[in-house]
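The values are calculated or read from the model by the stated rules, or taken from the named source; none is laboratory data. As the structure is a prediction and not an experimental result, all values here were calculated from the model. Because the Cβ atoms are built from the backbone with ideal geometry, glycine has one as well, and the counts that use them run over all protein chains shown.
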Amino acid sequence: MLAAMRVLIVGCGYVGFPLGAELARLGHEVFGLRRSAEGAAGLAAAGVTPLTGDITNPAALARLPGPFDWVVDAVSSSRGDAEAYRRVFLDGTRHLLDALADAPPRKFVFTSSTSVYAQSDGSTVDESAATEPTSETGRVLVQAEQMVMQAWRVRKFPAVVLRLAGIYGPGRGHLFKQFLSGEARIEGDGARFINMVHVEDAAGAVMTALERAQPGGVYNVADDAPVSERAFFEWIAGELGRAMPPAAAEAGRVPRKRAVTHKRVSNAKLKSAGWRLKFPTFREGYAREIGTHRDTESRQPIR
């Protein structure tokens, strides 16, 4: 058992909340920073001290009750455009690094995304693969990663970068939601790979990084089994007894930009550091979501 740490989670939301709750359960002193006071009661009930402040505001970061042993940067752009990404991931991360400069933590974890990989040939990508994204948001994340790693190289700031695949779980999972709403479409032949990770495993990955990852390291966070888009929808359709989504072209829809990316993200490096998955494939994770969906449907009044 590790000694109790003072932990700051910046962006204590979808991934940060379960991470904070688990850290608090283990006896660590946890602070969760959010842009607004919304959700503060839930954080407090989970044993996390709620803080309010915006990472893009240096004055708010100057008021943080440091020093901290561990800091996690798990902010989200709230699905914003490239400018929102710049404010949050470039300006905000720079402000956070500056705020921690005088009293650096023992470990700093920055959550990035596997969208930094633009491979479109179905190849397996590990952390040494080229990061040349075609989207502007992906390029912003690469720049943010470089800034964090520069802090490690220049002043040994103990940073770790995690590149998270598509996160799903309760209330989240855009392909599943599209399927349920009838909006899902198969892009091309449906062969492109989808890389996912359940939110509980994403939180577990951050925990592994805090406890065991090497400063200066970059780690992919994805489950064990990248799956083709067609195979994903075939399984969901079979479980729910519904028809497969139509092809995008047949539905008169322009193929999604997301379809350009076609890669299999390797998680071997983080697993070698001790990461263990609760949901090794999407099937285990979505079995729970499908069960929840069925329970919800069964409670709907008969019309």
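Observations on the model:
- Of note, Thr93 does not satisfy the criterion of being within 20 Å of Gly11 (Cα to Cα), of a type in the set (S, T, N, Q) and touching a residue at least 60 places away in the same chain (Cβ under 8 Å).
- Any hit, the stretch 152-162, residues being of a type in the set (Gly, Ala, Ser), within 30 Å of Ala103 (Cβ to Cβ) and either crowded, with 17+ Cβ neighbours inside 10 Å or in contact (Cβ under 8 Å) with a residue 12 or more places away in the chain (or both): yes
- Looking only at residues in the stretch 22-49 that are closer than 15 Å to Asp69 by Cα and not aliphatic (A, V, I, L, M), the one that is surrounded by the most Cβ atoms within 10 Å (Cβ to Cβ) is Gly32.
- The stretch 151-172: number of residues that are part of a strand (DSSP E or B) and more than 22 Å from the chain's Cα centre (by Cα): 0
- Summed over the stretch 181-217, residues that are assigned to a helix (DSSP H, G or I) and buried (at least 16 other Cβ atoms within 10 Å of the Cβ) total 12.
- Scanning the stretch 50-72 for residues that are farther than 18 Å from Asp91 by Cβ and crowded, with 17+ Cβ neighbours inside 10 Å yields Pro50, Leu51, Gly66, Phe68, Asp69, Trp70, Val72.
- The stretch 1-29 residues that are within 16 Å of Leu164 (Cβ to Cβ), paired with ones that are of a type in the set (Val, Ile, Thr) and in a helix (DSSP H, G or I) (beta carbon under 9 Å, 6 or more apart): Ile9/Val206; Gly11/Val88; Tyr14/Val199; Val15/Val199; Val15/Val206; Gly16/Val206; Pro18/Val199; Leu19/Val206
- Count of residues meeting criterion [in a loop (DSSP other than H, G, I, E, B), modelled with pLDDT of 95 or more and over 20 Å from Leu180 (Cβ atoms)] in the stretch 219-261: 5
- Condition met for Val140 (under 18 Å from the mean Cα position of the chain (by Cα), modelled with pLDDT of 95 or more, aliphatic (A, V, I, L, M) and in a helix (DSSP H, G or I)): yes
- The single residue among Gly169, Gly122 that is touching a helix residue (DSSP H, G or I) at 6+ places or on another chain (Cβ under 6 Å) and of a type in the set (Gly, Ala, Ser) turns out to be Gly169.
- Of all residues making up the stretch 124-140, the number that are within 15 Å of Arg264 (Cα to Cα) and out of contact with any Lys or Arg (no Cβ under 7 Å at 6 or more places or on another chain): 4
- Counting residues in the stretch 168-186 that are touching a residue at least 60 places away in the same chain (Cβ under 8 Å), hydroxyl-bearing (Ser, Thr, Tyr), more than 18 Å from Ala248 (Cβ to Cβ) and touching a Leu at 6+ places or on another chain (Cβ under 6 Å) gives zero.
- Annotation: of all residues in the stretch 100-144 being in contact with a Pro (Cβ under 7 Å, 6 or more places away or on another chain) and of a type in the set (A, V, I, L, M), the one that is surrounded by the fewest Cβ atoms within 10 Å (Cβ to Cβ) is Ala103.
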